[in-house]
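J.: Below you'll find the structure I mean.
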Amino acid sequence: TQNVMDSLNKGYLCVKGRFGHRYLMEDNRLKTPMLKDKTSGVYNQVTWEKAIDYTAQKVKETIQKYGPDSVAIFGSPKLSNEELYLLQKFSRAGLKTNNVGTFSDTLYGQEQDSLDTMLGVTASTASMDDIKSADVVVVINGSLSEEKLIVELQIKEAQKKNGTQLVLINSSEVKLTKHADLWIDSRKGSNTVLLNGIIRHLLKGKQYDNAQSNNTGFEELGKMVEPFTPEKVVEITDIFPQKYHELLTLLENPEQKIVFVYNLDSLREKSAGDLKAIGNFLMLTGRIAKPGNGIIILREYANSTGVKEVGLTPNYLPGYVKPFETQEIKRIGSKWGVDLTGIFKPTDVAEKLLHGSIKALLVFGEDPLYIQDNLKYFKGIEFLMVQDMFVTSTTDAADVVIPAASFIEQDGSYTACDRRVQFVKQIVPPQSGMENWKILLSLAEKFNLKMNYSSVEQITSEIKEVNRFSGEIKNYPNETGAPQFDPTPSEIKTFNPDIPHLLSSESYYKEIETALRFKS
């Protein structure tokens, strides 16, 4: 057994870890499947068999009437890799539709594929361990004290023990500011300009790996960043020229180990194209795959990274496989025993919901109707099944409500933001009497999809076989098969920072946090 002090977090817990778990054992958990009476609107308790049979019957009727593309499946980014994998496999191999996703990403995600053109995947290229050996850590688009406290503690430890220098790019003074060796208080929406100015400086000084000039888009990148002179950057970002000079000095040394820390799900400090600009910088300086260098892409929820990696998104099959990768599509299809050629195709599920072409919707662990404005996405829904641990605004609208097991009630794995796969073991039996993966197997059987797993471990094993990136990402699954720059012109733009949480557990935590603050 690994000693807790040798683990990634050294025994530390963030606020959610300390206070946001009590919902798991609440008495008001959903424990029995329910069907809504169409006449009275009252929910009646039913057996598991009847709830699953009724759901399958209604989905089949919908497909028969409107076709497979009239059905969609959404899952929570807090589900395990095994649950997420089964959801997307059931959808594609069982229902024959690519309408999958999470409401959290589909409705509120911004630029979540920014590095796809360059690297083929928008995922961390560095690990948390790289923070320890970095000479410079650049924190951009994130307030770690509130969002990712454990990462902040690791950076502070690297500063204290290894002399790592911290560059914080944030328009406002936050808790981490007083620990920064250099605080760049750039104007909101201008960070892409700042980063492009740095790239221009490197190009002018020739302090980059000449091998990078062979990558596609190199000349276009040079032309794109040419207007971002020091004077222009300082004017647009509204930072002091001396601070900009200090930043350039810190980042221009090719021998420095540099790690960027970027919160993909935070929009408070985000500027359009900033992640692409970071990718261009790392590629230009040869830091994409160099030890002790790269980018750590933080995510909001426990398995937001796993959602993408196992393919619960219309954009990827497991392993970030894209529609143009015909051989990979055939390989996965052969493994599943289904021809995915006409199934896995580009689709905009949000647009389909908005225009009412989705008629049957299965939602696992999310509460999109917590936000009243999201009702516009449900106007065409004729059948709604919702699985959750609690009564929510979305279960209140459902035709079938199925209880969910929590992560302490079943085995599973979760992919951390730096792509580490972490396993959890069942602590207590499910209050509902049924584990989530077994529910999905029962539902899949109704559509003649034989998923013959007798344990979670068997599902994990299949994920490793199907996911070409189980472990290290060793190649570039973009259309060129090689790294390429993305010389997208900069746009000075801010984003709405208020991103609602569509998970009942997050709503619970929010109530607890408010109560604690009021008490203090």
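The values are calculated or read from the model by the stated rules, or taken from the named source; none is laboratory data. Remember, predicted model here, so these are calculated numbers, not experimental data. Cβ: placed from backbone, ideal geometry, glycine included. Neighbour counts: every protein chain shown. Side chains included, ligands, DNA and RNA excluded: accessible areas come from the protein's heavy atoms. Shrake-Rupley method; radii C 1.70, N 1.55, O 1.52, S 1.80 Å.
J.: Report the paramagnetic label zone for residue 129: residues of region 290-306 whose backbone N is under 18 Å from a point 7 Å from Cα along the Cα-to-Cβ axis.
T.: The answer is 290-297, whose backbone nitrogens lie closer than 18 Å to the label point.
J.: Something else now. Per residue, how much space in cubic angstrom lies within the convex hull of the C-alpha atoms of region 58-126? Write out the running numbers ahead of the final one.
T.: Numbers: hull volume 8.8 nm³, N = 69.
Looking at region 58-126, the number lands at 128 Å³ per residue.
J.: For residue 178 paired with residue 375, estimate the spin-label separation in nm (one decimal), with each label point 7 Å from Cα along the Cα-to-Cβ line.
T.: 4.7
J.: To continue, here is another question. Taking a quarter of the surface of the convex hull around the Cα atoms of region 352-444, what do you get in nm²? Write out the running numbers ahead of the final one.
T.: Numbers: hull surface 30.0 nm².
The Cα convex hull of region 352-444, projected and averaged over all directions, gives 7.5 nm².
J.: Count charges around residue 429 for me, please; just the other residues with Cβ under 11 Å from its Cβ, Lys/Arg as +1, Asp/Glu as -1. Could the numbers behind the result be given before it?
T.: On the way: positive: none; negative: 409, 435.
Residues near residue 429 contribute -2 overall.
J.: Kindly state, to the nearest 0.05, the FRET efficiency for residue 255 paired with residue 382, given R0 = 60 Å and r defined as their beta-carbon distance.
T.: E(calc), rounded to 0.05, equals 0.45.
J.: Which order do the peptides 284-290, 346-352 come out in when sorted by mean C-beta neighbours inside 10 angstrom, highest first? Provide the component values of the computation, followed by the final result.
T.: Working: 284-290: 19.6, 346-352: 15.7.
Descending mean neighbour count gives 284-290, 346-352.
J.: Moving on to the next point. What's the carbon and sulfur percent of the chain's accessible surface, probe 1.4 angstrom, rounded to a whole number? Could the numbers behind the result be given before it?
T.: On the way: 11120 of 22500 Å².
Percent of accessible area from carbon and sulfur atoms in the chain: 49.
J.: Something else: Say the cut-off is 31 Å between C-alpha atoms; which of 58/352; 132/178; 58/345; 148/376; 276/359 go over it?
T.: 148/376; 276/359
J.: To two decimal places, what compactness ratio does the chain give when its Cα radius of gyration is scaled by 2.2 N^0.38 Å? Write out the running numbers ahead of the final one.
T.: Working: Rg = 23.8 Å, N = 520, 2.2 N^0.38 = 23.7 Å.
In units of the globular-protein estimate, the chain measures up at 1.00.
J.: So what are the three principal axis dimensions of region 424-510 from its Cα atoms, in whole Å, longest to shortest?
T.: 54, 40, 29
J.: If you don't mind, there's one more thing I want to ask. List residues of region 298-318, by number, whose backbone nitrogen lies under 19 Å from a label position 7 Å along Cα→C-beta of residue 335.
T.: 305-318
J.: Once you list every other residue whose beta carbon is under 12 Å from the beta carbon of residue 396, what net charge do they have if Lys and Arg are +1 and Asp and Glu are -1? Intermediate results must be reported in sequence, preceding the final value.
T.: Values: positive: 36; negative: 367, 388, 399.
Computed value for this residue: -2.
J.: Follow-up question, since we're still on this one. If every alpha-carbon in region 414-470 counts as one equal scatterer, what log10 I(q)/I(0) does Debye give at q = 0.15, 0.16 1/Å?
T.: The computed values of log10 I(q)/I(0) come out as -0.60, -0.67.
J.: Follow-up. In square angstrom, what is the accessible area per residue of region 327-428 with a 1.4 angstrom probe?
T.: Numbers: 4230 Å² over 102 residues.
That works out to 41 Å² per residue.
J.: Going by average Cβ density within 10 Å per residue, which order do the peptides 147-157, 382-392 take, highest to lowest? Mind showing how you got there, number by number?
T.: Details: 147-157: 19.1, 382-392: 22.1.
The packing order, highest mean first, is 382-392, 147-157.
J.: Still on this structure, please answer the following. If we count every other residue with Cβ under 9 angstrom of residue 296's Cβ, Lys/Arg +1 and Asp/Glu -1, where does the sum land? Write down the numbers at each step before the final one.
T.: Values: positive: none; negative: 130, 418.
Once all neighbours under 9 Å are counted, the net charge is -2.
J.: For region 234-320, with every protein chain kept in place, what is the accessible area per residue (1.4 Å probe, Å²)?
T.: Details: 2430 Å² over 87 residues.
Accessible surface, normalised per residue, equals 28 Å².
J.: Okay, moving on. As an exercise, find the ratio Rg/Rh for region 89-215 from alpha-carbon atoms, using the Kirkwood inverse-distance average for Rh. Spell out each step's value before the answer.
T.: Working: Rg = 18.8 Å, Rh = 17.9 Å.
Value, to two decimals: 1.05.
J.: Here's another thing I want to ask about it. Past the 18 angstrom mark, what percentage of all C-alpha to C-alpha distances in region 115-176 do you count?
T.: On the way: 773 of 1891 pairs.
Value for region 115-176: 41 percent of Cα pairs lie more than 18 Å apart.
J.: What length, rounded to one decimal in nm, is gained on full extension from residue 446 through to residue 110, with 0.36 nm per residue of separation minus their alpha-carbon distance? Mind showing how you got there, number by number?
T.: Working: separation 336, 0.36 × 336 = 120.96 nm, distance 3.62 nm.
The span from residue 446 to residue 110 would gain 117.3 nm if fully extended.
J.: Here is a follow-up. Under a 5 Å amide H to amide H cut-off, with H placed in plane at 1.01 Å, what residues pair with residue 138 once short-range neighbours are removed?
T.: Placed amide hydrogens put 167, 259, 260, 261 under 5 Å from residue 138.
J.: Right, something else. Once amide H atoms are placed 1.01 Å from N in the peptide plane, what residues at a sequence separation of 5 or more from residue 382, or on another chain, have their amide H within under 5 Å of its amide H?
T.: Result for residue 382 returns 360.
J.: For the chain, give me the percentage of DSSP beta bridges that are antiparallel, rounded to the nearest 5 percent. Spell out each step's value before the answer.
T.: Values: 11 of 46 bridges.
If I count the DSSP bridges inside the chain, around 25 percent turn out antiparallel.
J.: Return the sequence-ordered ³J(HN,Hα) values of region 144-158 in whole Hz as given by the Karplus equation 6.51 cos²θ - 1.76 cosθ + 1.60 applied to θ = phi - 60°, using x for Gly and Pro.
T.: Running phi through 6.51 cos²θ - 1.76 cosθ + 1.60 with θ = phi - 60° gives 4, 4, 8, 9, 9, 4, 4, 5, 4, 4, 5, 5, 4, 5, 5 Hz.
J.: OK, next. Roughly how many nanometres apart are two label points built 7 Å out from the Cα toward the Cβ at residue 327 and residue 156?
T.: 5.0
J.: Right, something else. What number in nm² do you get for region 37-80 if you take the convex hull of its Cα atoms and divide its surface by four? Could the numbers behind the result be given before it?
T.: Values: hull surface 19.8 nm².
Taking a quarter of the hull surface, the average projection is 4.9 nm².
J.: Mind listing the phi-derived Karplus ³J(HN,Hα) values for region 172-177, rounded to whole Hz, using 6.51, -1.76 and 1.60 with θ = phi - 60°, and x for any glycine or proline?
T.: 10, 7, 10, 4, 6, 4
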